Amino acid sequence: MRSILPSVGAVALCLVAGSASANSTGISGRSGKQSVSCTASGCHGGGGSTPTVTLEGPTALTAGQTGSYSLIITGGPGAKAGLNVATGGVDGATLTAGAGTKVVNGELTHSLPKAFASGAPVRFDFSLVAPATNGTLKVFAAGNSVNGDTKETGDAHANATLDVVITGGKDPVAPEEEGGGCSATSGAPLVMGAVLAMLAARRRRAV
């Protein structure tokens, strides 16, 4: 009987390789919005020097306006860089990919890692369409700096956020209170007024 162990080993190798390949071409859910870091992606275990990550772009937009933004990664292991960007705070914002990036699950990530050139920072450009609702939109970003050896160790990431004030749109709708929007305190004067009116009518009839 032939052993199935070589076949099982080959399948396992393909699964691991597929996972690593998927992460090298970008991943969502690691921007810091969900409190999950790049070291939890199954591809980067940390251990490298921490890079500096900054977000640049307008801090105020009108509803529906498009703003141009950049995520800049400086330092760290410094061979290649990747990113994940997401938005929160106000629903309805749209991220649009720039060169070397793509949109996955409504978030922005790299298509392939971008190489550092002679120690210069890596820059990922993208755009954002402001939502229709007024408020403070928060942009969450994670920048990864890796040593390029395809191993988990020796890589590092850092996070950045940017607040963008949205105006010129509709105001957010306040959540309705339980019980159809009428609280007990607001209904009490109405009930008391009805009782007093009934008592006054009885007194008039008695007279």
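What number of residues within segment 138-163 satisfy the criterion of being within 19 Å of the chain's Cα centre (by Cα) and either surrounded by 24 or more Cβ atoms within 10 Å (Cβ to Cβ) or of a type in the set (D, E, K, R) (or both)?
So the count comes out to 8.
For segment 149-173, enumerate the residues that are touching a His at 6+ places or on another chain (Cβ under 8 Å) and in a loop (DSSP other than H, G, I, E, B). Result: Glu152, single match. Of the residues making up segment 51-105, those that are in contact (Cβ under 8 Å) with a residue 40 or more places away in the chain, closer than 20 Å to Ser24 by Cα and surrounded by fewer than 22 Cβ atoms within 10 Å (Cβ to Cβ) number 9.
Please work out if Ser7 is exposed (fewer than 13 other Cβ atoms within 10 Å of the Cβ), over 19 Å from Pro121 (Cα atoms) and at pLDDT 70 or above. Quick ask: steps written out before the conclusion?
Numbers: exposed (fewer than 13 other Cβ atoms within 10 Å of the Cβ): yes; over 19 Å from Pro121 (Cα atoms): yes; at pLDDT 70 or above: no.
Against the criterion (exposed (fewer than 13 other Cβ atoms within 10 Å of the Cβ), over 19 Å from Pro121 (Cα atoms) and at pLDDT 70 or above), Ser7 does not qualify.
Close Cβ contacts (under 9 Å, 6 or more residues apart or on different chains) running from residues in segment 150-168 that are among the charged types (D, E, K, R) to residues that are in a strand (DSSP E or B) and at pLDDT below 95 comprise Glu152/Gly46; Glu152/Gly47; Asp155/Gly46; Asp155/Gly47; Asp155/Asn144; Asp155/Ser145; Asp155/Val146.
Given the condition more than 13 Å from Phe140 (Cα to Cα), touching a Cys at 6+ places or on another chain (Cβ under 8 Å) and not basic (Lys, Arg), answer yes or no: does some residue in segment 44-59 qualify? Checked segment 44-59: at least one residue is more than 13 Å from Phe140 (Cα to Cα), touching a Cys at 6+ places or on another chain (Cβ under 8 Å) and not basic (Lys, Arg).
The values are calculated or read from the model by the stated rules, or taken from the named source; none is laboratory data. Keep in mind that this is a model prediction, so the values were computed, not measured. When we count neighbours, we look across all protein chains shown, and the Cβ atoms used for this are built from the backbone with ideal geometry, even at glycine.
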